[in-house]
Amino acid sequence: MFLSTVIGNVGADAQVQSKDGREFVTFRVAHNEVWNDQAGVQHSSTIWVDCLMNGHPKVTEFLKAGTQVAVVGTTTLRTYSSEKQRAIVAGASIRVESVQLLGGATDDVPRRLYDDKGGMHDVRKAYYSDVKGCQLQSQRGDRFNVDDNGWITKVQAAPADGAAAASVDQSQQNADGSPSQIY
């Protein structure tokens with residue numbers, strides 16, 4: 001087995017496909033490398049990796065173009081003749097075992113939230129928690145609702161005029177309560 005991890009950006013939205021009655025998801029990840037040669041000239045290279053996931057996992061909706069991910073899986077290397085480049089080209093494919101969505105400092109949901117009793121709960125970047133059907137808060141005091149499936153949404157602050165109580169931003173949710181986009 002040739003197990004590898006690729007960190008990069010999704011090239012285009014993931015596609016759900018089916019063959020012989022079985023569903024699977026395909027997407028491509030671009031891994032960029034930048035280096036300087038001995039003369040100090042900067043060079044860069046992009047390696048595209050084809051990814052295949054069996055089934056139709058919940059994370060699929062977050063695999064949008066530009067999303068940074070870490071993909072772990074069994075790797076297959078291949079070579080083929082490219083008429084366009086007039087050369088033999090190598091490529092890589094990964095049968096995905098796990099995908100982690102990587103986020104930046106601008107994320108609204110921290111990696112750790114705390115319940116009313118002070119218990120700490122880890123949060124995946126897909127905004128899924130190990131606890132379900134409750135409300136959690138960050139160390140800064142921001143409040144988050146966790147639905148019965150474990151998906152997290154931020155509680156929006158009440159309007160300044162006090163006309164409405166704090167509520168979950170429903171425009172950010174799918175019908176099943178899962179977030180429709182990464183914040």
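In summary, the lysines within cross-link reach of Lys132, defined as a Cα separation below 23 angstrom excluding same-chain residues under 8 places away, comprise Lys58, Lys117, Lys154. Under a point spin-label approximation (7 Å from Cα along Cα-to-Cβ), what is the Asn36-Thr79 distance to one decimal in nm? It works out to 3.5 nm between the two label points.
Neighbours of Trp48, meaning other residues whose beta-carbon lies under 15 angstrom from its beta-carbon, give a summed charge of +1 when Lys and Arg score +1 and Asp and Glu score -1. Taking Cβ atoms as reference points and 13 Å as the exclusive limit, the residues near Phe2 contribute a net charge of +1, counting Lys and Arg as +1 and Asp and Glu as -1.
With a cut-off of at most 14 other beta carbons within 10 Å, and DSSP calling the residue loop, which chymotrypsin sites (Phe, Trp or Tyr not before Pro) in the range 1-106 qualify? Please list them.
Phe2
Shown in residue order for the range 136-146 are the 3J(HN,Hα) couplings computed by the Karplus curve 6.51 cos²θ - 1.76 cosθ + 1.60 at θ = phi - 60°: 10, 9, 8, 5, 7, x, 5, 9, 9, 8, 10 Hz (x for Gly and Pro).
Give me the net charge of Val89's neighbourhood, meaning all other residues with Cβ under 11 Å from the Cβ of Val89; Lys, Arg count +1, Asp, Glu -1. Residues close to Val89 contribute a combined charge of +2.
Readers should treat all values here as calculations from the given coordinates under stated rules, not as data from a laboratory. Quick caveat, the model's predicted, so the values are computed rather than measured. Every residue, glycine among them, receives a Cβ derived from its backbone with ideal geometry; neighbour counts consider all protein chains shown.
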